[in-house]
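S.K.: Encoded as structure tokens, here's the structure I'll be asking about.
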Amino acid sequence: QEHVAESGGGLVQAGGSLRLSCAASRNIFTFANIDWYRQARGIERDWVATSTPRGIADYAESVKGRFTISRDTARDTVHLQMDSLKPEDTAVYFCESRWNGYDYWGQGTQVTVSS
């Protein structure tokens with residue numbers, strides 16, 4: 001069964017780091033882009049980063065230079081390393097992938113950055 005599922009997140013002080021993980025089913029990991037989105041309270045969901053099956057990364061301007069997306073081929077997992085975190089990075093983070101005509105979303109994981 002196809003799926004994506006996040007883990008990681010938590011509470012960190014400004015300037016700190018966190019790593020999120022998105023475990024995917026084999027087909028999704030092998031053939032589809034995997035994206036990270038985030039949604040702060042009362043704000044629409046925003047795209048954060050993308051990893052292609054070939055490992056090409058792309059980032060929103062707001063996180064470029066601070067976040068790094070990578071693929072762990074041994075575990076079919078995409079990681080989002082978040083450094084130099086700011087209070088405005090506080091949000092629920094979701095991973096998502098579109099495969100075979102369907103959108104797959106994880107349940108989301110909370111990231112809170114205190115000032």
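S.K.: What does a probe at residue 73 reach in the stretch 1-38, counting residues whose amide N is under 12 Å from the point 7 Å along Cα→Cβ?
M.R.: Those under the cut-off are 30.
S.K.: Counting only residues 5 or more places away or on other chains, whose amide H sits under 5 Å from the amide H of residue 67 once H atoms are built in the peptide plane?
M.R.: Amide H to amide H, under 5 Å and 5 or more residues apart or across chains, residue 67 pairs with 83.
S.K.: Report for the chain the percent antiparallel among DSSP-assigned beta bridges with both residues inside it, nearest 5.
M.R.: Values: 37 of 41 bridges.
Of the beta bridges lying entirely in the chain, close to 90 percent run antiparallel.
S.K.: Which of these, 74, 60, 14, has the largest mean-square fluctuation under a Gaussian network model of the chain (Cα springs below 10 Å)?
M.R.: 74
S.K.: Something else: Starting at the first residue of the stretch 34-42, write each ³J(HN,Hα) from the Karplus equation 6.51 cos²θ - 1.76 cosθ + 1.60 with θ = phi - 60°, in whole Hz, x for Gly and Pro.
M.R.: Running phi through 6.51 cos²θ - 1.76 cosθ + 1.60 with θ = phi - 60° gives 10, 10, 10, 10, 9, 9, 7, 4, x Hz.
S.K.: Moving on. Once both labels are modelled 7 Å past Cα along the beta-carbon direction, what's the residue 41-residue 5 spacing in nm?
M.R.: It works out to 2.8 nm between the two label points.
S.K.: Kindly write out, for the stretch 72-86 in residue order, the coupling ³J(HN,Hα) from the Karplus curve 6.51 cos²θ - 1.76 cosθ + 1.60 (θ = phi - 60°), rounded to whole Hz, with x marking Gly and Pro.
M.R.: With the stated coefficients, the stretch 72-86 comes to 10, 6, 6, 10, 6, 10, 10, 9, 10, 7, 10, 10, 6, 5, 10 Hz.
S.K.: Still on this model: Ignoring everything but the protein chains, give the 1.4 Å probe accessible area of residue 102 in square angstrom, nearest 10.
M.R.: Using a 1.4 Å probe on the heavy atoms, I get roughly 140 Å².
S.K.: Can you give me the accessible area per residue for the chain, using a 1.4 Å probe, in Å²? Don't jump to the answer; show the numbers that get you there.
M.R.: Values: 6270 Å² over 115 residues.
With the other protein chains kept in place, the chain gives 55 Å² per residue.
S.K.: Calculate one ³J(HN,Hα) per residue across the stretch 55-69 by plugging θ = phi - 60° into the Karplus curve 6.51 cos²θ - 1.76 cosθ + 1.60, and present them in order as whole Hz with x for glycine and proline.
M.R.: x, 6, 10, 9, 9, 5, 4, 5, 10, 4, x, 10, 10, 9, 9
The values are calculated or read from the model by the stated rules, or taken from the named source; none is laboratory data. Treat the numbers as computed from the prediction; the structure is a model and nothing was measured. Note that we place each Cβ from the backbone using ideal geometry, even for glycine, and neighbour counts take in every protein chain shown. All accessible areas refer to the heavy atoms of the entire protein, side chains included, with ligands and DNA or RNA removed. Shrake-Rupley method; radii C 1.70, N 1.55, O 1.52, S 1.80 Å.
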